[in-house]
Amino acid sequence: DAGVIQSPRHEVTEMGQEVTLRCKPISGHDYLFWYRQTMMRGLELLIYFNNNVPIDDSGMPEDRFSAKMPNASFSTLKIQPSEPRDSAVYFCASSLPLGTSPDTQYFGPGTRLTVL
Amino acid sequence: RKEVEQDPGPFNVPEGATVAFNCTYSNSASQSFFWYRQDCRKEPKLLMSVYSSGNEDGRFTAQLNRASQYISLLIRDSKLSDSATYLCVVNPRGTGRRALTFGSGTRLQVQP
């Protein structure tokens, strides 16, 4: 079975450009999470969705960041405009509905973003 | 204070050694606890859940102390392939919410 799919795997862009990261969760998972990982701050939850609805976006750093989930099989995280401090690895993760399993989250391979 | 705190290490141990990691969490209402493993430049993967009574999976043993709010992971007979970063993970909001809080990780290097 395919796991969580993320694209692109690597992105190098210049400051001020728009960046869009994509995620396809595991089929049947109704929770989707976006995380950011840096050496300084570790793994931080940015936002998560349940049944395509954003539940908690308190981790989104600022208005330059936005996330959407138009359907159960696709989500995007957009940064506009990007800044060098946004350089990080961005992970998408998904998990099964409540009541069907523990809180296990399955992570995608991540997108390594470098903003010059 | 961070919600989940771990010693970053690194722990450098020889093959065959026993090594233990601890982690503390701040929210006493936390309900779910896990250890995830992350290899260099890879995504985190679930290693094991941590249950109140303690649990074992092969060479790995996890313990939870709710009174002191700490979680431990013991690895026996370390293998080279155990070299990774081990992330302590807590659901700080109890059941009904699936947002997890990750510790910064403890790096383990097993040496031949």
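Read-outs throughout are calculated quantities, based only on the coordinates presented, and are distinct from any laboratory measurement. The model shown is predicted, which means the values in this text are computed figures rather than measured ones. Virtual Cβ from ideal backbone geometry, glycine too; neighbours counted across all protein chains shown.
Being farther than 15 Å from A:Thr20 by Cα and more than 8 Å from every other protein chain (Cβ to nearest Cβ) narrows it down to one residue among A:Ser75, A:Ser82, A:Ser94; which is it? Before you say what the answer is, go through the steps one by one.
Values: A:Ser75 fails: farther than 15 Å from A:Thr20 by Cα; A:Ser82 fails: farther than 15 Å from A:Thr20 by Cα.
Going through A:Ser75, A:Ser82, A:Ser94 in turn, just one is farther than 15 Å from A:Thr20 by Cα and more than 8 Å from every other protein chain (Cβ to nearest Cβ): A:Ser94.
Could you name every one of the strands (runs of 3 or more DSSP E) located completely within region A:53-116 that has at least 3 residues being closer than 26 Å to B:Gln31 by Cβ?
Working: elements: A:53-56, A:65-71, A:74-79, A:88-95, A:111-115.
Filter on region A:53-116 gives A:53-56, A:88-95.
Of all the residues that make up region A:27-42, how many are touching a Phe, Trp or Tyr at 6+ places or on another chain (Cβ under 6 Å) and closer than 23 Å to A:Pro97 by Cβ? Walk me through how you get there before you give the answer.
As a first pass, look at region A:27-42 and keep what is touching a Phe, Trp or Tyr at 6+ places or on another chain (Cβ under 6 Å): A:32-33, A:35-36.
Next cut, closer than 23 Å to A:Pro97 by Cβ only: A:32-33, A:35.
Number of matching residues: 3.
Considering A:Ser27, A:Ser87, which residue is more than 14 Å from chain B (Cβ to nearest Cβ), of a type in the set (Gly, Ala, Ser) and more than 30 Å from B:Val50 (Cα to Cα)?
Numbers: A:Ser27 fails: more than 30 Å from B:Val50 (Cα to Cα).
Result of the check over A:Ser27, A:Ser87: A:Ser87.
Going through region A:51-72 one residue at a time, which ones are of a type outside the set (Val, Ile, Thr), surrounded by fewer than 18 Cβ atoms within 10 Å (Cβ to Cβ) and within 14 Å of chain B (Cβ to nearest Cβ)? Show your work before the answer.
Looking only at region A:51-72, we keep the residues that are of a type outside the set (Val, Ile, Thr), and these are A:51-52, A:54, A:56-72.
After this cut, where a residue has to be surrounded by fewer than 18 Cβ atoms within 10 Å (Cβ to Cβ) as well, the list is A:51-52, A:54, A:56-59, A:61-64, A:66, A:68, A:70-72.
Across region A:51-72, the qualifying residues are A:Asn51, A:Pro54, A:Asp56, A:Asp57, A:Ser58, A:Gly59.
This table checks each residue for (1) among the hydroxyl-bearing types (Ser, Thr, Tyr); (2) more than 10 Å from every other protein chain (Cβ to nearest Cβ); (3) on the phi > 0 side of the Ramachandran plot; (4) surrounded by 20 or more Cβ atoms within 10 Å (Cβ to Cβ).
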position: B:Cys40; (1), (2), (3), (4): no, yes, no, no
position: B:Leu47; (1), (2), (3), (4): no, yes, no, yes
position: B:Asp57; (1), (2), (3), (4): no, yes, no, no
position: B:Ala67; (1), (2), (3), (4): no, yes, no, no
position: B:Tyr70; (1), (2), (3), (4): yes, yes, no, no
position: B:Ser81; (1), (2), (3), (4): yes, yes, no, no
position: B:Pro92; (1), (2), (3), (4): no, yes, no, no
position: B:Phe102; (1), (2), (3), (4): no, no, no, yes
position: B:Gln109; (1), (2), (3), (4): no, yes, no, no
